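Where a number appears in this text, it was derived from the coordinates with a stated rule and is not lab data. Computed from a predicted model, the values in this text were never measured in an experiment. Heads up, the Cβs are rebuilt from the backbone with ideal geometry, glycines too, and the neighbour counts pull from every protein chain shown.
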């Protein structure tokens, strides 16, 4: 065994281990550092025990050079993943398939990139072609794409499972077509690039269609949940408008029958002392999203059950932002629920939406002692909670994730309103 084969197997095993860890999750702490060594062992065994080719370019993509060796490699990785991660059978199977799909996609994209750069020396494909996918994996992990894919696999999302399976199968068929020899793939470089590029476009289109379908389902669910509240709001406004019209007719009659100005003033004052126009209804009707209006109306009613008043001010548009209506609903619900939960009977909360030069700012203010910048930062960390109970502490973390994903900003601060100390937690969305 030469040092060259050992180094290549180490890089192969490391990428395969990272792909499995990224898509199946970490569960053993420091012991996970042993997993790459086990994968390196599988790659070495597959290459030395089952390899037929003498040329190293036959192993540029995978540490195997024929389908029987690949089946041994796949079953070995599947067995190791099932023992290591202790997932359900379906999750382990599709997670392993997704790991191979990611491995093959990263490896082949990087190798084709090097080929398009016109690099003639095999050393580029044997070593740089193995190091670049590791860097690309780190970039994907830093963006959160792998964590998102891992969550979807854990949920058993059928579209994600199909996309991963098709990707792994088609990339493997491409290798079978060229008999696992990357030199042959280079001789047919335009066809190879076209096939991999078409696969990437098809995968992206499938994921976009899936996302569009999910957004449509979420919007339908929100309409079913919050439109009845909008109808209740409209009926409430109509009832108040009816009472207001009756009061105005009585005022007109009192003025018409009064003998002098003083008598008319007394009659008007007596009739209008019970007339009260609710400014919250007016603000909610100004909102350009009926779903958000229904949400705010429902949260106001929930707060009233706790004897907490919520004053809403809307001076901007929620729609046509980088955030979808569904994301707005999730974000607003979290901010208001947290504020109401932290409030005491008799408190007044403020929910404000204001148009600014660089986007819409939505903030919720609730009575609270002044907080430091460090305390505000800690509030948005995963698992932070004042309850100290399992399952809590993900609300504001989810808000941060939503806002950062759409190039927005978290805005926090301390305020004084009517001599009372308030904290302000909000977002700025372009």
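Results, tabulated for the structure shown:
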quantity: Extension gain (nm, one decimal) between residue 313 and residue 288, 0.36 nm per residue minus Cα-Cα; calculated: 7.7 nm
quantity: Label-point separation, residue 37 to residue 191 (7 Å along Cα→Cβ), nm; calculated: 4.5 nm
quantity: Residues 180, 6, 376, 85 arranged by fewest to most Cβ contacts within 10 Å; calculated: 6, 376, 85, 180
quantity: Sorted peptide list for 357-365, 404-412, criterion being average Cβ within 10 angstrom, highest first; calculated: 357-365, 404-412
quantity: Relative contact order of the range 297-373, defined on C-alpha pairs under 8 angstrom at six or more residues apart (%); calculated: 35 percent
quantity: Normalised contact order of the range 34-134, rounded percent, pairs of Cα under 8 Å and 6 or more residues apart; calculated: 25 percent
quantity: Scattering profile of the range 7-99 at q = 0.14, 0.18, 0.24 Å⁻¹ [log10 I(q)/I(0), Debye over alpha-carbon scatterers]; calculated: -0.47, -0.76, -1.23
quantity: Alpha-carbon centroid distance for the pair the range 103-132 / the range 338-356, whole angstrom; calculated: 55 Å
quantity: Kirkwood Rh and Cα Rg combined as Rg/Rh, the range 278-429; calculated: 0.94
quantity: Contact order relative to length of the range 3-187, as percent, for alpha carbon pairs under 8 angstrom and 6 or more apart; calculated: 32 percent
